[in-house]
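I have placed the structure first, in the form of structure tokens, so that the comments after it can refer back to it.
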């Protein structure tokens, strides 16, 4: 089933079409999908590039920052020529060069309680590559309230983690699936060191961002088992990978959108 793909697309995605679990139907799902990438930095770079290369039909990019020289050690979607340019614009240039079949929607803003629901409502899946806990909690709570699948990754120094969240759906045993707050009920108290303070091995974001892109592609095509109720832990320094299971906390509360957001969501 490749009737909705052009001949150029058939050639471009030929290795996907050969995959038994993807094929023409899977590629058409990718072409129809709308994915929102929160963050166009270190994690966002491989996420954006691999989703674009895979043929995801529409990519939304959210980031209010500009490219700086210190970004280029790990944020490979950007170039030296684009220093001081908005990251979403720089990333859009890379997408256009990589795959002109992909439509791009740019949101050069910082997500907050006023704009997040309006932005999320236009997309099927959200992937979070942000680097701070307030935004991470806001994204997770809003995705839950709006029933949007969320893939979320985090990195620091030589380490990273990844999970997929669909807390509005039952798990394989019929029990409610866990939410982000089942992993971390509250934002950490005090200041949490950032990559700009403790550093990050550039390739670590490549590993975790690529894994996050894989989770998104799996969700779109229905291939395999996503990391729902499982936290993937990656230790690049000692090259160890572990998966930790986690469950729904009995005191988990379904997030409620503020009234203005709730009106926008209907």
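Please treat every number below as a calculation from the coordinates, not as lab data. Nothing here was measured: the structure is a model prediction, and the numbers come from that model. FYI the Cβ positions are ideal-geometry reconstructions off the backbone, even for glycines, and counts take in every protein chain you see.
Let me know the volume per residue of the alpha-carbon convex hull for region 1-157, in Å³. Present the calculation step by step, with values, prior to reporting the outcome.
On the way: hull volume 18.8 nm³, N = 157.
Looking at region 1-157, the number lands at 120 Å³ per residue.
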Discussion item. If I stretch the segment between residue 97 and residue 246 completely, what's the gain in nm (0.36 nm per residue apart, minus their alpha carbon distance), one decimal?
Written reply: 49.6 nm
Worksheet entry | Paramagnetic reach from residue 194 in region 16-60 [backbone N under 13 Å; point 7 Å along Cα→Cβ] | 41-42
Discussion item. For a quick check, take a GNM of the chain with Cα springs below 10 Å and name the residue from 156, 197, 75 with the largest mean-square fluctuation.
Written reply: 197
Item to complete: Fewest Cβ neighbours within 10 Å first, please rank 49, 215 accordingly.
Response: 49, 215
Worksheet item: Would you list 76, 204 from fewest to most Cβ contacts within 10 Å?
Response: 76, 204
Worksheet entry | Choice from 164, 142, 130 with maximal GNM fluctuation in the chain (Cα, 10 Å cutoff) | 142
Worksheet item: For region 1-85, what size does the Cα cloud have along each of its three principal axes, sorted from largest down, in whole Å?
Response: 45, 21, 20
Worksheet item: Taking the Cα atoms of the chain alone, what are Rg (to one decimal) and Dmax (as a whole number) in Å?
Response: 18.1, 55
Discussion item. Once you keep just the Cα pairs under 8 angstrom separated by 6 or more residues, what percentage relative contact order results for the chain?
Written reply: 20
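If we count other beta carbons within 10 Å of each Cβ, what is the order of 240, 218, fewest first?
Ordered from fewest to most neighbouring Cβ atoms within 10 Å, 240, 218 come out as 240, 218.
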Item to complete: Write down the percent of antiparallel bridges among all DSSP beta bridges whose residues are both part of region 33-265, to the nearest 5.
Response: 50
Worksheet item: Can you give the percent of C-alpha pairs in region 40-106 whose distance is more than 17 Å?
Response: 30
